[in-house]
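Working notes for the structure below.
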Amino acid sequence: MTAVDLRVAQRPNAPLTTYRYDEYDAAFVRQRVAEFREQVRRRLSGALTEEEFRPFRLMNGLYLQLHAYMLRVAIPYGTLTARQMRQLADIADKWDKGYGHFTTRQNLQYNWPKLVDTPDILEALADVEMHAIQTSGNCIRNVTADHFAGVAVDEIEDPRPTAEFLRQWSSLHPEFSFLPRKFKMAVTGAAHDRAAILVHDIGLRIVRNDDGEIGYQVVVGGGLGRSPFVGKVVGEFVPRHDLLAFLEAIMRVYNRFGRRDNKYKARIKILVHEKGIDEIRAAVENEFAAMDRSVFAHDPNEFERIAGFFAPPPYETLPRDSQLLRAAKLGTPAFANFVDVNVSAHKIPGYAIVTVSLKPIGGVPGDATSDQMRVLADASERFGFGELRVSHEQNIILPHVKQDDLLALWRMLDAAGLATANAGLVSDIISCPGLDYCSLATARSIPIAQAISKRFADMSRQRRIGKLGIKISGCINACGHHHVGAIGILGLEKKGQESYQITLGGDPTFSASIGEILGPGVTAEQTPDVIEHLVDFYLAEREEGEAFIDTWRRLGHARFKDVLRREGEDGADI
Amino acid sequence: MALISEGRFIEDAWRRLADEEALPKAGKVIVSLPRLQHALEVLAPDAALGVIVPNVTDPSALIDALPRLGLISISFPAFSDGRGFSLARLLRRAGFKGELRASGRLVADQYSHAVGCGFDTIEIPDDLAERQDEEQWRAALNVYTMSYQRGYSGRGSILEARRSAARS
């Protein structure tokens, strides 16, 4: 009996909504833990110097930060079971300070682990089929995917089997573990891009050709950081049969020719930018033609095996719209607001996708306490087949909730402080940890997010403003994705003072664009004022149904610049 | 320098020839890349000859010499510079059957990566060998029983194992 069979036998009612380890996966992850335990021992004995240890601890998600180590746990394609979420809560209590931070790459970070405890933490993760493999380091990172995978109404195919296939292929790759720089991949299978694939080193978009065959549009060289680029198409239609070989070809070209003389120019986006996409495409195609592709040939049985784990849960047959929900919304206005803002359409009649915001007004974006994690786990089991997702907006998704159950779910969330009805609104801010934690940061970002969130505390005003993405990074490495925020905020340090540079017009979707700088930097104190004035200007100028970025595109950057200029005339020192 | 082969520290049967040293008629010698053409011309066709190459070498520059070479040593300027792994793969793909050696400050934790890419031996400086003894290198070979990739040497492939399990 395999591990999966065993699991199913033990919990016959548990649906298979995410990948489950077989004996090989389980052995691999245990061996990885044993290897790391030995690496820590050898580091402490002096067999490994810190310089030698560094890439190996990073490839196990362990950073040395400003005050302590930070452990980044992989949540492949952002999918979690209730049991896994409970284990994350238990780890937070046992080895950290009772909370965790969900990141823009669908991972979870613990900010206070001790080096000597990390092997035990990894062991505890392995107990629930989790790991921290390749969440850091110059290797292929945890593969991300659309957080509405499998339930979105606009999907061609669930991207998670592809992502899981790539997770396995990239794990401890003999050739591609010492790349010039980190390497991030994202997959989407929907018409609307929720995985920001155009700003990844490789973005995969599942497409169907004229013959109805499934394949991938392969985009390369996107990325944020100090030199942001929108990715370019390197393969218009790569059949599934050739996907792995094509990716090996890209990785080999990058490993050989990516710059290693300057870490700030080492990402593949710089190689693509300097050589041009045509030269890169030619190099990839040459390598693809030269390699023995038979060993990479797609194995339909293996793909089907993996895809089987992502089979739909046993949905009930329900009417498209719930009468109970309609009545509950009429009776409870706060609930109605929550439904209008945080609930999305589900492909199955009578079901809904619920976004649980980890952005309470004035809170730390993406943080969840262990108690909240347990509430989320319970909620997923009561109302959502025990499945949870992490979005790159740093929120938690319950992907299959019956519309009839939404009121009960909302009450449960509300009691735990998890019912903030701001998904996608101005206070649903993406923020990196910034100078409060990170050794790279040049400015604080969390307090800026908190101040803006408090400024817009009036929820009816937020709903009037509508969807508006604010993204904050505490340094040019851009972990907070500020380049692709409709409003982006970048924290810099100028003459010992924090200075915040504001950009407008960023867009992470298929219509991707990098935000344009509004003007000179402003102080931390001025930032909420400037944001408020920009938003007020938008409200005054917008046409019916127009989102912030559309108004900005229509009016042009200069009109918005005037807002900042007026700010200066009001006496602000900018 | 210490030489590691199959998890053991062994005597090096090859000798690295300094560029100013004359080519001996016999014996296993390793020359630098600029001297390779000359060595090929003056040595007997069956003389043992090795070459040490930078990790940025274009494999096509070695193609003609491959059947004549008993050893190719790829230098790693830093242990974190992975270009040598791809070059090893490309040389094996081009049909090189002799000893493939990684030379530099590689650490034991990279041993299975090197073997996976086709390296036979690892040559490291003595100070590193003192800190990372034979036991650590041997242990590094046995950390993992299998790997996820196909087409790489060393361990069995998980994909293959699943395939044969499904067949049986």
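Laboratory data are not the source of any read-out in this text; all were calculated from the coordinates shown. From a predicted model like this one, the values you see are computed outputs, not experimental measurements. Backbone-built Cβ (ideal geometry, glycine too); neighbour counts: all protein chains shown.
Summing +1 for each Lys or Arg and -1 for each Asp or Glu among the other residues whose beta-carbon sits under 12 angstrom from that of A:Asp117 gives 0.
Where a ≥ b ≥ c are the square roots of the eigenvalues of the C-alpha gyration tensor, would you call chain A rounded, which needs a/c under 1.5, or, failing that, prolate if a/b is larger than b/c, or oblate? Please list the in-between numbers first.
Details: a/c = 1.33, a/b = 1.12, b/c = 1.18.
Verdict is rounded for chain A.
Charges were assigned to the Cβ only: +1 to each Lys and Arg, -1 to each Asp and Glu. The resulting dipole of the protein assembly as shown about its Cα centre is roughly 140 debye.
When Cβ neighbours within 10 Å are restricted to other protein chains, what is their mean count per residue of peptide B:103-109?
Values: counts 0, 0, 2, 1, 10, 5, 10.
Whole-number average of other-chain Cβ neighbours for B:103-109 is 4.
Using C-alpha pairs below 8 Å separated by at least 6 residues, the relative contact order for region A:323-415 is 31 percent. Ranked by the mean number of other Cβ atoms within 10 Å per residue, highest first, peptides A:51-61, A:160-170 order as A:160-170, A:51-61. Panel order for A:Ile91, A:Ile514, by other beta carbons found within 10 Å of each beta carbon, from fewest to most: A:Ile514, A:Ile91. In order along region A:542-557, phi translates into HN-Hα couplings of 5, 9, 3, x, 8, 7, 3, 5, 5, 5, 4, 5, 6, 7, x, 4 Hz, rounded to whole numbers, per the Karplus curve 6.51 cos²θ - 1.76 cosθ + 1.60 with θ = phi - 60° and x for Gly and Pro. Close amide-amide hydrogen proximity is noted between A:Val234 and A:Val218, A:Val219, A:Val220, each under 5 Å apart and 5 or more residues distant or on a separate chain (H modeled in the peptide plane; Pro and chain starts excluded).
With the highest mean first, a sort of the peptides B:20-29, A:182-191 on other beta-carbon atoms found within 10 angstrom per residue produces A:182-191, B:20-29.
Comparing B:Arg131, B:Arg83, B:Arg92 in a Gaussian network model of chain B, where Cα atoms under 10 Å apart are tied by springs, the biggest mean-square fluctuation is seen for B:Arg131. A cut-off under 9 angstrom between Cβ atoms defines the neighbours of A:Phe296, and their net charge, with Lys, Arg +1 and Asp, Glu -1, is -1.
For peptide A:47-53, what's the mean number of Cβ atoms from other chains within 10 Å of each residue's Cβ? Working shown, then result.
Details: counts 7, 6, 3, 0, 5, 11, 2.
Across A:47-53, the average partner-chain Cβ count within 10 Å equals 5.
Computed 3J(HN,Hα) for region B:2-7, one whole-Hz value per residue from the Karplus formula 6.51 cos²θ - 1.76 cosθ + 1.60 where θ = phi - 60°, is 10, 10, 10, 9, 6, x, glycine and proline marked x. Averaged over the residues of A:284-295, the number of partner chain Cβ atoms lying within 10 Å of the residue Cβ comes to 2. Summarising the amide proton neighbourhood of A:Val187: residues at separation of 5 or more, or on other chains, whose placed amide H is nearer than 5 Å comprise A:Thr144, A:Ala145, A:Asp146, A:Leu204.
Listed by chain and number, the lysines whose alpha-carbon sits under 26 Å from that of A:Lys184, ignoring those within fewer than 8 places in the same chain, are A:Lys232, A:Lys263, A:Lys265, A:Lys269, A:Lys275, A:Lys359, A:Lys471. Rounded to the nearest whole Hz, the Karplus-based 3J(HN,Hα) values (6.51 cos²θ - 1.76 cosθ + 1.60, θ = phi - 60°) of region A:99-114 follow the sequence 8, x, 10, 7, 9, 6, 10, 6, 9, 10, 10, 9, 8, 9, x, 8, with x at glycine and proline. Normalised by the number of residues in chain A, the average gap of Cα pairs under 8 Å and 6 or more apart makes the relative contact order 12 percent. Toward the positive end of the charge dipole of region B:1-68, with +1 on the Cβ of Lys and Arg and -1 on the Cβ of Asp and Glu, the farthest Cα among B:Ala13, B:Leu23, B:Thr57 is that of B:Ala13. By the beta-carbon count within 10 Å of each Cβ, the least crowded to most crowded order of B:Asp19, A:Asp405, fewest first, is B:Asp19, A:Asp405.
Mean separation of Cα pairs under 8 Å and 6 or more residues apart, divided by the residue count, gives region A:3-127 a relative contact order of 24 percent.
Could you work out the local net charge near A:Arg260, counting Lys and Arg as +1, Asp and Glu as -1, over the other residues with Cβ closer than 11 Å to its Cβ?
Numbers: positive: A:Arg181, A:Arg256, A:Arg259, A:Lys263, A:Lys265, B:Arg83; negative: A:Asp261, B:Asp81.
Neighbour charge sum, excluding A:Arg260 itself: +4.
Highest average first, the peptides B:30-36, A:384-390 ordered by how many other beta carbon atoms sit within 10 Å of their residues are A:384-390, B:30-36. Every helix of 4 or more DSSP H residues in chain A counts as -39500 (n - 2.57), and over all residues that averages to -11500 deg cm²/dmol at 222 nm. Taking other Cβ atoms within 10 Å as a rough exposure proxy, B:Trp137, A:Trp95, B:Trp14 sort from fewest to most as A:Trp95, B:Trp14, B:Trp137.
Most simply put, the protein assembly as shown has about 65% antiparallel DSSP beta bridges, counting only bridges with both residues inside it.
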